[in-house]
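These notes concern the structure reproduced below.
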Amino acid sequence: MPVVTIDGLPISVEPDTLIIQAADRAGIEIPRFCYHPDLRPEGNCRMCLVRVKGFARLTPACTTPVADDMVVTTAHADDEVRRASRGVLEFLLINHPLDCPICDQAGECSLQDFYMHPDYGLHHSDVESREKVRKRKAIDLGSVYLDSERCVMCSRCVRFSNEVTGAGELQFVHRGNHVELVAFQDRALRDPYAGNLADLCPVGALTSRDFRFKRRVWFLHHAPSVCAGCSTGCNVRIDYTERGIERVVPRRNPFVNRSWMCDEGRFSYQTVSQLPRVTTPLTREGEDLHPVSWEQALACARGAFSLPRRGEAAVIGSPMATNEALWGLQEYARNMKDPVALEFRSTSADPDVEARLDELLLHADRAPNSRGAMMLGMGASDGLENIAVRAEQGMIDLALILHYPPVVPAGQPDLDRRVTALARLVRHARFSIVLTNADEDWWHAADVILPVASWSEEEGTYTNFNSTTQHVACGQDPPGEVRPAWRALLDLLASVPAARRYGSAQEIFDRGVAAMPAFDGLRFDTLVSRHATVYPPEGRTSYGQEGFAGR
Amino acid sequence: MTKVLSQNAEFADQTTLAGAESRGAYDGLRHALEQSPRDVIQEVAESGLRGRGGAGFPTGRKWGFLQFDPARPPVLLCNGDESEPGTFKDHWLLARDPHLVIEGILIAAHAIRAQDVFLYIRGEYESLLPLLMGALEEARAAGFIGPDVLGTGRCMAITVATGAGAYICGEETGLMESLEGKRAYPRVRPPFPAVRGFAGRPTVVNNVETLANLPWIMRRGAAAFHALGTEDSPGTKLVSLSGCISRPGVYEVPMGYPLSALLENEGGGPLPGRHLKAVIPGGTSVPILTAEEVATVTIDFESMRAVGTLLGSGGMIVFDDTVSMPHALRSISHFYATESCGECTPCREGTGWMAAIVDRLLDGGARKDDLDRLLRIGGNIEGRTICGLGDAAVQPVRSFVLKFRSEFEALLRDTIPRLEPDWQAHGHGPRTARRGAVGEEARRSEAVTGRPTYRW
Amino acid sequence: MDRKDSPVVDVTERAQALGAGVTGMAAGFAVTLRNLVRSLPGRNTVTIQYPEQRKPYSRRFRGVHVLTLREDGRLKCTACYLCATACPAECITIEAGEDPDSAVEKVATQYEIDLSRCIFCGFCVDACPEEAITMSREYDLATEGRRSRLQYDIDALTHRPEIVAYGAGYRPHMQYPLVESYLPTEVARSSSPDDSSDS
């Protein structure tokens, strides 16, 4: 492997690594605007110029591959490189409107960050505002707003549009310092991935319409999570405040979603936050459901657990649930007298988690954890609809149902059938316990309702279409008396001594889920520290771990 | 004096194939086709021919870089996007002796084994198209171009493409992008065109004048060519003489010819009653020469380099004592500001900024440190851009300011005093001075002064 | 610390050197007496009869905040949140919205200062890049209940006839006049129907 020396630090990297990537790996900061790890490098911003020993001119670190024994100096160690970086930053700022007070990018803007760095910025402006080149501002392009004045022409957006999604909706026009980014006739972008443009833009030229003027970014708290919109499992970061989720942005994971996510997933948090919630446990008193305390509700539900049974018990999971919650359901089923129907599917066919909707990210299976449910062996019966039929025949004594409405309502042909089957099951089972996060009609015939946390409100793990198990952090507190589903299930099992060992999602995963053959040996810590852990689901003799510990 | 390029240009029927052939056209091609491509490259390398587009890179060496890969056949691009201000030799050549250029192109295509050849001519040279297409048609009918050139089995096709009128299309990678139908943004090198150029194929880009030398070299041999001119710059050079001179025009002179002799003999000296002040020797992209420097310099790559300038494209612009250098610089720096493609930062922002400063030197509103500012901005552009346009824009600014500083300083003294910034008029501290970045203030000042905030 | 550990300092000599004693005490009481006589009613009384009488405060006094306006009476604030960021008491709540004027783009649709939490440090005024918030010399904020009227919203912060009486207070760069910012009293606001009711 070539060894390149950057600022005196020898770094061993694979051939064809770019200097900027080698520096990133070694933790040496090289300022950049146009370079993006998931786009073809273009070398147009000239901010990343470095000196390579033997080269006549300074060379952009983002387009120059390393060679063995290459000696590179950056702005931290070389006066001329520093002058070059300062010069480029000054050029970028001479026609910048400096309207940071009204710019949503402020706080996460590369121009601001580099300006505040003593090596590149902190110079006094040499131009007056009236000398600046004026361009168009606040152009509504659908999911993003375009502000040409703030643009640094790094072409990340153009390259994303051309190379990643192929939409090709953005282009530069004019020449010299009148160059402007445009969408044809200012038409709204039709790219279903256009939301990424706002994340991609290093400055405030493209900002999110959804997040526009909502909050200054320095007030946001962050939680690493995974999108629940489909079986892709795009890594996301939930940005929330005390008001709730303010936005969801993709986290880079080269093995799953690179740096992107689809707009449906991006805005699925709105579905979650607008969901009509059930926030207190309810129990049946005659015809009506009445709010009660958790203790009362659990006591009522536990009574059913030891009820003498003639027929079957149905334990119904959801592919929207975390592995931990599903494991809790299994634990419940394991501690119950046979026969038990353990199921999460609508029919007896396994969901096709690998069917794609497009070539980039989207999968047809609109649940984040179908693969996890399959790996946990949740589909052990003959499908929810058949169970519902048996319930109508009076063969189901007890139904324990965990159900979440999908976070992406569109494209769910299965949903109505599923809810109908659940309604039939609840109506005809002798006793039914429903764990859900939403106030919906179908469960009004149930006997006990336990309110559980929605996506983003509980910690856990999801396993995506290619058996990558990923950690989801808790992004906000659940409302009211809502508990995480795994916690509610363990509370139900309080009489079972084994269940008392588990106090957190981590303990359930390490001692419970990881004990399942398909997850054998996975550690929760590993999932948290490495952003993804891939396991071949079956037919493996040994397993490897692939992780990504980058930013 | 031996003429390599312009020997037949004065004949009216030279544009027809019959006329050209009567004076030996395509003999060089026949010569070349008898040799193997490798030998042609060797011959051209021995002749010492250097590129006439501006950089002066040895043509034989350039062709030698090419690795022949049948999966990605090489492409020859003939660069006729003559956009350098003060340069009009390629137009002259194409208009008077198109068969010479076509023959040169075919020799080069044979040498690098290229089947696809593109002749890229400047958008503004549209009027040349009928003539050029007629000449190509004649050459095709005579079997010089086509699937089987002169019965040798070699296939060569020449496509004529026109630019839409951008200076940057003359930059070799910008030209490729333009040919591919994209915006002419120069490409970052490496990969160099010889490895990955037009449409991902190995590509050679040669200037029209460079290729027009080839028939002569093929006919007379490398040694004869090498005997012309100087040791390091063999051959002759087409010079486009313009500006304040009695007989402007295109002249062919041997390399090493004194510049002062060119101005006096061919150019006929300055206009009556005027005196030579300065000469830009190679298009506006190269540093200007003062009258004293002109007296010492000869027309070849080394001599020009010795006085700190470049022969460039040979577009010589003559200034006499009636010319105001700041006004001349205004026109030049505006050219580069409008022609900067806008791809990379230093050139995009820097050229416009320099033009704006030259503007305010002339229009009033200059600051007393503006000359130093111009030099500082130039230093921040030079050597930090993707292509040579940034450097090209800096050279005239720097050389004008350094060599004619007194004229600029006089301007600074006589200039209309600078409008005080708003905050001083209001008696405000610097903190509030920086407030006004938001559009409205600028728009308001525009409304008050009746001037756009930025002018070309 | 234990008492016997602490060093004992004998100050007797120093007290004698300073003239402490009966003479010193008498000199001290002379000051008291002099001021007693001076502040007898009708002379230069230090005590004032608040609220009938009010003390004039410095131009730099940090009293209740004022949101300044543009020339046409619209709010100057563009909701950049710098004041809320600087506020150590976290008493400023802002919501931003789209301004109908596209040249302005952003405007505060809600701006509330919880004066019951405010410590009147003036950091918000220092932080403002556009002098959209300044302070007045208004200081008497007493109310009858903890929750009543101490949460000042945009209307309360811009509609301030009291400024005339109290005067404008602290803002940075006080030596210069306001630029393109106008105190609410300087701008005729057509949009405030209850302009006269409070004054």
Next on the checklist: Please compute the per residue accessible area over chain A with all protein chains in place, 1.4 Å probe, rounded to a whole number of Å².
Outcome noted: 37 Å²
Checklist outcome for this item: Checked the protein assembly as shown with the C-alpha gyration tensor, a ≥ b ≥ c its square-rooted eigenvalues, rounded below a/c of 1.5, otherwise prolate if a/b is larger than b/c and oblate if not; verdict oblate
Checklist entry - Under the classification rounded if a/c is under 1.5, otherwise prolate if a/b is larger than b/c and oblate if not, where does the range A:3-91 fall, given a ≥ b ≥ c as square roots of the Cα gyration tensor eigenvalues? => result oblate
Checklist entry - If the range B:207-340 were replaced by its equivalent ellipsoid, with semi-axes equal to the square roots of 5 times the Cα gyration tensor eigenvalues, what would those be, largest first, whole Å? => result 27, 17, 13
Next on the checklist: Loop only by DSSP, 14 or fewer other Cβ within 10 Å of the Cβ. Give me the trypsin sites (Lys or Arg not before Pro) in the range A:175-239 that pass, ordered by residue number.
Outcome noted: A:187, A:190
Item to check | Sequence-separation-based contact order of the range B:256-304, relative, with Cα cut under 8 Å and 6+ spacing, percent | outcome: 48 percent
Item to check | GluC sites (Glu not before Pro) within the range A:253-292: DSSP coil, no more than 16 neighbouring Cβ in 10 Å | outcome: A:287
Checklist outcome for this item: Carbon plus sulfur, as percent of the 1.4 Å-probe accessible area of the range B:305-410, comes to 55 percent
Item to check | Those residues of the range B:375-416 for which accessible area with every protein chain present is at least 10 Å² below the isolated value (1.4 Å probe) | outcome: B:376, B:380, B:383, B:384, B:385, B:386, B:391
Checklist entry - Excluding ligands, DNA and RNA, what is the solvent-accessible area per residue of chain B at a probe of 1.4 Å, expressed in Å²? => result 37 Å²
Checklist entry - Comparing the chain by itself with all protein chains present, which residues of the range C:80-102 are at least 20 Å² less accessible (probe 1.4 Å)? => result C:80, C:81, C:85, C:95, C:96, C:98
Item to check | Chains A and C, summed buried accessible surface - 1.4 Å probe, Å², nearest 100 | outcome: 1200 Å²
Item to check | By average C-beta atoms within 10 angstrom, highest first, the peptides A:460-472, C:25-37, A:105-117, A:480-492 | outcome: A:460-472, A:480-492, A:105-117, C:25-37
Checklist entry - What pairs from B:182/B:237; C:55/C:106; B:237/B:277; B:62/B:89; B:277/B:368; A:53/B:403 go past 28 Å between their alpha carbons? => result B:182/B:237; C:55/C:106; A:53/B:403
Next on the checklist: Could you tell me how far the Cα centroid of the range B:116-195 sits from the Cα centroid of the range B:12-91, in Å?
Outcome noted: 13 Å
Item to check | Gyration tensor (alpha-carbon) shape descriptor, the range B:83-236, a/c threshold 1.5 | outcome: rounded
Item to check | Surface accessible to a 1.4 Å probe, residue A:242 within the full protein complex, Å² | outcome: 150 Å²
Next on the checklist: If I build a Gaussian network model for chain C, linking alpha-carbon pairs within less than 10 angstrom, which residue out of C:139, C:81, C:50 has the largest mean-square fluctuation?
Outcome noted: C:50
Checklist entry - Roughly how much accessible area, to the nearest 100 Å², goes out of reach of solvent when B and A pair up, both sides summed, probe 1.4 Å? => result 3800 Å²
Checklist outcome for this item: Applied in sequence order to the range A:359-364, the curve 6.51 cos²θ - 1.76 cosθ + 1.60 (Karplus, θ = phi - 60°) yields integer Hz couplings, x standing for Gly and Pro, of 7, 9, 10, 4, 10, 6
Checklist outcome for this item: Between the modelled labels at residue C:25 and residue B:246 (7 Å from Cα along Cα→Cβ) the distance in nm is 11.8 nm
Checklist entry - Which of the GluC sites (Glu not before Pro) across the range B:1-49 are loop residues per DSSP, with 13 or fewer other Cβ within 10 Å? => result B:10
Item to check | Per-residue [θ]222 nm for chain A (sum of -39500 (n - 2.57) over DSSP H runs n ≥ 4, rounded to 500) | outcome: -6000 deg cm²/dmol
Checklist entry - Label 7 Å along Cα→Cβ of residue A:1; the range A:26-67 residues with amide nitrogen under 16 Å? => result A:26-28, A:66-67
Checklist entry - Within the accessible area of the range A:285-426, what % is carbon and sulfur when the probe is 1.4 Å and the other protein chains stay in place? => result 51 percent
Item to check | Members of the range A:171-196 that become less accessible by 40 Å² or more once partner protein chains are added (1.4 angstrom probe, chain alone as reference) | outcome: A:172, A:175, A:176, A:177, A:178
Checklist entry - How big is the gap, in Å, between the Cα center of the range A:351-373 and the Cα center of the range B:252-327? => result 71 Å
Checklist outcome for this item: With Cα springs under 10 Å, the Gaussian network model of chain C assigns the largest mean-square fluctuation among C:105, C:52, C:95 to C:52
Item to check | Accessible carbon and sulfur surface of the range B:56-191 relative to its total accessible area, %, 1.4 Å | outcome: 55 percent
Next on the checklist: Am I reading the C/B interface right? What is its buried accessible area, both sides, 1.4 Å probe, to the nearest 100 Å²?
Outcome noted: 1100 Å²
Checklist entry - Can you give the relative contact order of chain C as a percent, counting alpha carbon pairs under 8 Å and 6+ residues apart? => result 24 percent
Checklist entry - Relative contact order for the range A:429-524: what is it in percent, counting Cα pairs under 8 Å that are at least 6 residues apart? => result 18 percent
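The values are calculated or read from the model by the stated rules, or taken from the named source; none is laboratory data. Just so you know, these numbers come straight off a predicted model, no measurement behind them. Positions of Cβ are generated from backbone atoms using ideal geometry, with glycine treated the same way; all protein chains shown enter the neighbour counts. The area values use the complete protein model at the heavy-atom level, side chains included, leaving out ligands, DNA and RNA. Shrake-Rupley method; radii C 1.70, N 1.55, O 1.52, S 1.80 Å.
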